[in-house]
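The block underneath contains the structure these notes are about, expressed in structure tokens.
The values are calculated or read from the model by the stated rules, or taken from the named source; none is laboratory data. Because the structure is a prediction, the values reported are computed rather than measured. Heads up, the Cβs are rebuilt from the backbone with ideal geometry, glycines too, and the neighbour counts pull from every protein chain shown.
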Amino acid sequence: MTHSMTAFARKQQSFDFGTLSVEIKSVNQRYLEPTFRLHDTLRSLELKLRDRLKQKIQRGKVEITVKFYLNSGEQGLDIDPDRLRSVLAALAKIDAQVANSAALNPLELLQYPGILIDAELDVEQVQESLLVLFDDALDDLLDGRRREGQVLAEAILQRVSEIATLVAEIRQEIPEWLQTLRTNLRTKVQGLGVELDPERLAQEVVLLAQKADVAEELDRLDGHCKETQVILKQSGPVGRKLDFLMQEFNREANTLGSKASKENITRSAVQLKVLIEQMREQVQNIE
């Protein structure tokens, strides 16, 4: 089933220790590019969260924001001595190298990330709760990507159907087109007042027909249409396959347009390019 790379999910839940909030949003990107914004208490979980994400998403720029609101008045605060020593050591180095550095303000120091900790907070419980909430949010995101992917697939299939119809119409135009080439060649020869051997005239007509032959391009366009339908039914990421196929679609449409000398076929070639560009824009959002 086709998945979009664009979706948004948000989960929030209250617990005895406080409230956890998880927001995940994803947009199109050639590769998987996750970004995490985590509360200090939960920062050590980033690797686990990243692994969970990679198991279910292969492409897209994904932003994950985790917020933690501690219940006020229920827990006492304490200072992380290791963190405090590290910060003080860094400040001492700065003070030794910078003349007239500002005096240390204890209140500002308390605001530094990781200095204050909750003395009674069960960090393990908070982290376990976050993992469950993250999985729920990730499932919601995947559902959104799946729904959006189905919409994109339907839009692409609609244009594939229109392309197949145009290709069939162009095939019907070919006999009349070839007849027009023959007539134009005879008219030019007569206008020159030159008597041309019928066999030679036939050979020239064949050469013109070969140069103007678009059967190969039409066959390939039909093949690309069928291949697009097959790919859209496959499981797993298909965006790169479709992106390559769009380039092949465009290549055949360009060749067809350069060969066409009949107004109806030229017009159809332009319509083909429009439909292919519309498909290409949709494919950019497919995982």
- Yes or no: residue 179 loosely packed, with under 12 Cβ neighbours inside 10 Å, in a helix (DSSP H, G or I), at pLDDT below 65 and not hydroxyl-bearing (Ser, Thr, Tyr)? no
- Item | In the stretch 213-248, the residues that are touching a residue at least 24 places away in the same chain (Cβ under 8 Å), closer than 24 Å to residue 60 by Cβ and not in a helix (DSSP H, G or I) | 235, 236, 237, 238
- Item | So residue 242, is it at pLDDT below 90, assigned by TED's automatic domain parsing to the domain that holds residue 168 and surrounded by 21 or more Cβ atoms within 10 Å (Cβ to Cβ) | no
- Item | Condition met for residue 43 (assigned by TED's automatic domain parsing to the domain that holds residue 71, among the charged types (D, E, K, R) and closer than 24 Å to residue 156 by Cβ) | no
- Query: If you scan the stretch 249-264, which residues turn out to be in contact (Cβ under 8 Å) with a residue 60 or more places away in the chain, surrounded by fewer than 21 Cβ atoms within 10 Å (Cβ to Cβ) and in a helix (DSSP H, G or I)?
  - Reply: 264
